[in-house]
Amino acid sequence: MAAVEPKTKYDRQLRIWGEQGQAALEKASICLLNCGPTGSETLKNLVLGGIGSITVVDGSKVENGDLGNNFMVSESSLGQPKAKCVCAFLQELNDAVKAKFIEEHPVTLIETNPSFFSQFTLVVATQLVEDSMVKLDRICRDANVMLIFARSYGLSGFVRISVKEHTVIESKPDHFLDDLRLNNPWPELKMFTESIDLDTSDPVAHKHIPYILILVKMAEEWAKSHGGRLPSTRDEKKEFKDLLKAKTMGTDEDNYKEAIESSFKVFAPQGISSNLKRILDDTCADVESGSSDFWVMVAALKEFIANEGGGEAPLEGSIPDMTSSTELYVNLQKLYQAKAEADFLVVEQRVRDILKKIGRDPYSISKAVIKSFCKNARKLTVCRYRPIEEEFNSPVLPEMQKYLTDEEYSVAVGFYILLRAVDRFAANYNTFPGQFDGAMDEEISRLKTTAVSLLNDLGCNGSTLTEDLINEMCRYGAAELHAVAAYVGGVASQEIIKLITKQFVPMTGTFIFNGIDHKSQLLSL
């Protein structure tokens, strides 16, 4: 069979993250620790998406129990290395992916060969206990390797990203205000607006004036008669809309309906958002030779906003669809594109100057990257994650106490505490609660004592978890259920794609899946 052209093969996802995103995936190398159902399901999604290479690390052999919860092993695999079988199955799903396996227990690798992990773009650590998670987190942070933890345990699941810093240019928010500058037009847009007569007696011309021009003109008129101010109170906003209504000549003037519906864009505050201001004020924006390209561009953006931008970020340069004559729409489009291009050229020059100043090649950041940065300047995002050891030893106490007493979060935080308590239990008794047939009542009592002592260590004295949840946790006996593993693996792989493509905003916080109530929640600890 002829090989499928990559563009055809990945057509649907290319529409989401584009060729740049796909190229980043194809360059990435992923290491999976433990290939039980949670790990296998995570990797399956990445292999189908065209990840560059995978290395599966697992030291166990395929047993009867694996046949019931992992589609990637079969009866013929019994007794064989699990890593080898899963790796062969994944390779079949996409032959463009380089796949290899290492028959070794991840815990041994973490203890004896920490430098092993530095070769990867990202490590997916599944089903690790707390002690190994903390050690691996330190290793990956020192090596600047992205890390994501995933675990399924009975009807509960856990996903946590751990990266020192993750910067996103293309955050692609669902809802974001168009960058039209209706209340702060630049000179060329002002001039163009002045050439338009809103009181024209020609009905065809009147109903084909784009709403952008109507709003710029009306906002300017309002400001003139209100001491330079724009509508801010509810009554003023209503009055502004009434003025727009009064300008209409007939019931079929869609452009005026659009102007009234979009009038909120005039009322939006000028200048930059608090989120962007926080990024500009970050200490990383004071760049030196070791700064990342992102922070070099932020430094240039900061200079632009303070100087040429007059308090505004570079213009994005696109306008939405609207009722308009073709001529006016095309001219308006050109106007926005020209301003965006001019802003980009200024920022580009500033980037080159900064690179030169810090002793780097002025052309080491490409035109395309700077252009994308300018286009998305208002939507930049910086995510930072606490080391997992910090979260485990000193979670944000007010948040923890709030979750424990809030009915909405009590099960999620209960699972969070119990997932840690079962690790303590295993460290003390060399088995997980309920893992083997035995005195269940005794195990429940031991787990309860362990959970209470953990809560006390965290500073949540007097807090308790419900008996039901403790009983459930013992009933699970550390089992990985395929349905839960598939869901947790799906969440983990989605976050991995965000991290690798540097598109969309990865979740900040600890993700807990509560399979009892079919709920997913993020805990900020």
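The values are calculated or read from the model by the stated rules, or taken from the named source; none is laboratory data. Keep in mind the model is a prediction, meaning the values are calculated, not measured. Note: ideal-geometry Cβ built from the backbone for every residue, glycine included; neighbour counts use all protein chains shown. Only protein heavy atoms, including side chains, enter the accessible area calculation; ligands, DNA and RNA are left aside. Shrake-Rupley method; radii C 1.70, N 1.55, O 1.52, S 1.80 Å.
For the reader, a short list of remarks on this structure follows.
- With a simple spin-label model that places each label point 7 Å from the Cα along the Cα-to-Cβ direction, the separation between Trp186 and Thr283 comes to 3.5 nm.
- Shown here: the chain, whose C-alpha atoms stretch 90, 56, 49 Å along the first, second and third principal axes, sorted largest to smallest.
- Computed from backbone phi with θ = phi - 60° and the Karplus coefficients 6.51, -1.76 and 1.60, the 3J(HN,Hα) list for region 233-245 is 7, 4, 5, 5, 5, 5, 4, 4, 5, 5, 5, 5, 4 Hz; x is used for glycine and proline.
- Percent accessible area from carbon and sulfur atoms, region 274-383, protein chains only, probe 1.4 Å: 52
- Distance from the alpha carbon centroid of region 160-225 to that of region 117-159 works out to 46 angstrom.
- Gain in span if fully extended, Asn113 to Thr326, counting 0.36 nm per residue against the direct Cα distance: 70.1 nm
- Percent accessible area from carbon and sulfur atoms, region 187-266, protein chains only, probe 1.4 Å: 54
- Taking each of Lys7/Lys172; Lys9/Lys164; Lys172/Lys367 in turn, the alpha-carbon distance tops 27 angstrom for Lys9/Lys164.
- Sulfur and carbon atoms: percent of accessible area, region 390-476 [1.4 Å]: 46
- Vicinal HN-Hα couplings computed from phi for region 494-511 (Karplus, 6.51 cos²θ - 1.76 cosθ + 1.60; Hz; Gly/Pro x): 5, 5, 4, 4, 4, 5, 6, 6, 6, 10, 6, 9, x, 6, 9, x, 9, 8
- 13 Å beta-carbon shell around Val369, net charge (K/R +1, D/E -1): +2
- Separation of alpha-carbon centers, region 352-409 and region 1-80, rounded to whole Å: 28
- Three principal axis extents describe the C-alpha atoms of region 390-476; from largest down they are 39, 26, 18 Å.
- Considering only Cα atoms, the convex hull volume of region 71-188 works out to 231 Å³ per residue.
- A cut-off under 11 angstrom between Cβ atoms defines the neighbours of Asp242, and their net charge, with Lys, Arg +1 and Asp, Glu -1, is +2.
- For Leu523, nonlocal amide neighbours, meaning residues 5 or more places apart or on other chains whose placed amide H falls under 5 Å from its own, are Thr510, Phe511, Ile512.
- DSSP bridge orientation in the chain - percent antiparallel, rounded to nearest 5: 50
- Helical content alone sets the calculated 222 nm signal of the chain at -15500 deg cm²/dmol, taking -39,500 (n - 2.57) per DSSP H segment of four or more residues and averaging over every residue.
- For the chain, the relative contact order works out to 20 percent when only alpha carbon pairs closer than 8 Å and six or more residues apart are counted.
- Neighbourhood charge, 9 Å Cβ-Cβ cut-off, centred on Pro387 and excluding it, Lys, Arg +1 and Asp, Glu -1: 0
- Per residue, the accessible area of the chain comes to 47 Å² when a 1.4 Å probe rolls over the protein heavy atoms.
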